[in-house]
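The values are calculated or read from the model by the stated rules, or taken from the named source; none is laboratory data. Values in this document were obtained by computation on a predicted structure and should not be read as measured data. So basically every Cβ, Gly included, is an ideal-geometry build from the backbone, and we count neighbours across all protein chains shown. Please note that ligands, DNA and RNA were not included when accessible areas were found on the heavy atoms of the full protein model with its side chains. Shrake-Rupley method; radii C 1.70, N 1.55, O 1.52, S 1.80 Å.
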Amino acid sequence: MASNVSSVCPPLGAIAAPKVYYHSCSSLSPSNPNSHTKSPTLLSSQSHSSFISSFSRCHRANLTPSRSTVAPLPRAPNFMVVRSAKAEPLRVMISGAPASGKGTQCQLITQKYNLVHIAAGDLLRAEVAAGSENGRRARECMEKGQLVPDEIVVMMVKERLLQPDSQEQGWLLDGYPRSSSQALALKDFGIEPDIFILLEVPEEILVERVVGRRLDPVTGKIYHLKYSPPETEEIASRLTQRFDDTEEKVKLRLLTHNQNVEAVLSLYEDITIKIDGCDSKENVFAQIDVTLENLLQQRKEASGSLAA
């Protein structure tokens, strides 16, 4: 700012009589008549004092513009401060009778969507294998084809759903809840899914699938003697059958399932999608995939509108 002012109004110490100055309040330069549009005024030594006084007023006027000539600062636009919106992770329940294809579809879903896979059956079997009191009680019920008491399962499921990975990545709850009381217990804890997927398969096909199912205890891979046989004789020789994968027990489990499924569906009626589980695993997943992609797109659009 100082250099600009000096070019317009020279410092007071630089003025000496009887030099000729061309005086204008808009600009002032010594001996430069071409820089003015006004007529020059010759200053003699007698008028030097009056010029100094006049020049000082001009100098102050250039340094301190009058209040009326100061342009107001532009007002900042009124922006609403909104927290950056992030789409909530997916919360998915998948249900169906034993051997309806839940395990296969869960694997495909978790591979694509990186959801935390939580199977109530796996939680229970871990308790049984550990020989805990809950495991012993659960085994007795499972051997009879009955549902394990809610108080044993609900707390295990709830604690797993509230783990940090489930909260951050989203979760896929496999085969649970299996009764209205379990569903209501989850609701009481504030646990609600975004979508409830039901795989439908006729009973005769389910029985065939269950009875022929085998487990490789070394790799944990599940085979089927008819539809997915083991690759080698060595693997075939070590396969085992789950104690509840017999025809008698599976029919009891199917009876229990059918008695409870309608009650569960009534609680998730608005978010239930039914899938034909008799189709190929690729076609079954294609139907599920379209549904989940649409749900994610809705989430992104909703979060985008909040951040706009």
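A compact table of results
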item: The range 91-126 versus the range 259-299: alpha-carbon centroid distance in Å; result: 13
item: Point-to-point label distance, residue 143-residue 298, nm (Cα→Cβ direction, 7 Å offset); result: 4.6
item: Peptides 167-173, 108-114 ordered by average Cβ neighbours within 10 Å, highest first; result: 167-173, 108-114
item: Cubic angstrom per residue, convex hull over Cα atoms of the range 164-234; result: 162
item: Cβ-Cβ FRET estimate between residue 129 and residue 150, R0 fixed at 22 Å, reported to 0.05; result: 0.55
item: Orientation-averaged projected area, Cα convex hull of the range 243-290 (nm²); result: 4.7
item: Accessible area per residue, Å², the range 153-193 with all protein chains present, probe 1.4 Å; result: 44
item: Local electrostatic count at residue 173 - Lys and Arg +1, Asp and Glu -1, tallied over other residues with Cβ under 10 Å; result: +1
item: Heavy-atom surface of the range 231-308, accessible at 1.4 Å and reported per residue (Å²); result: 63
item: Residue 181/residue 122 FRET efficiency (R0 25 Å; Cβ-Cβ; nearest 0.05); result: 0.75
item: Separation in nanometres of the label points that stand 7 Å from Cα toward Cβ, at residue 232 and residue 262; result: 5.1
item: Using θ = phi - 60° and Karplus 6.51 cos²θ - 1.76 cosθ + 1.60, couplings along the range 228-245 (whole Hz; Gly, Pro as x); result: 8, x, x, 6, 9, 5, 4, 5, 4, 6, 9, 5, 10, 10, 4, 4, 9, 9
item: Sorted peptide list for 259-265, 91-97, criterion being average Cβ within 10 angstrom, highest first; result: 91-97, 259-265
item: Accessible surface of the range 235-285, 1.4 Å probe, proportion on carbon and sulfur as whole %; result: 46
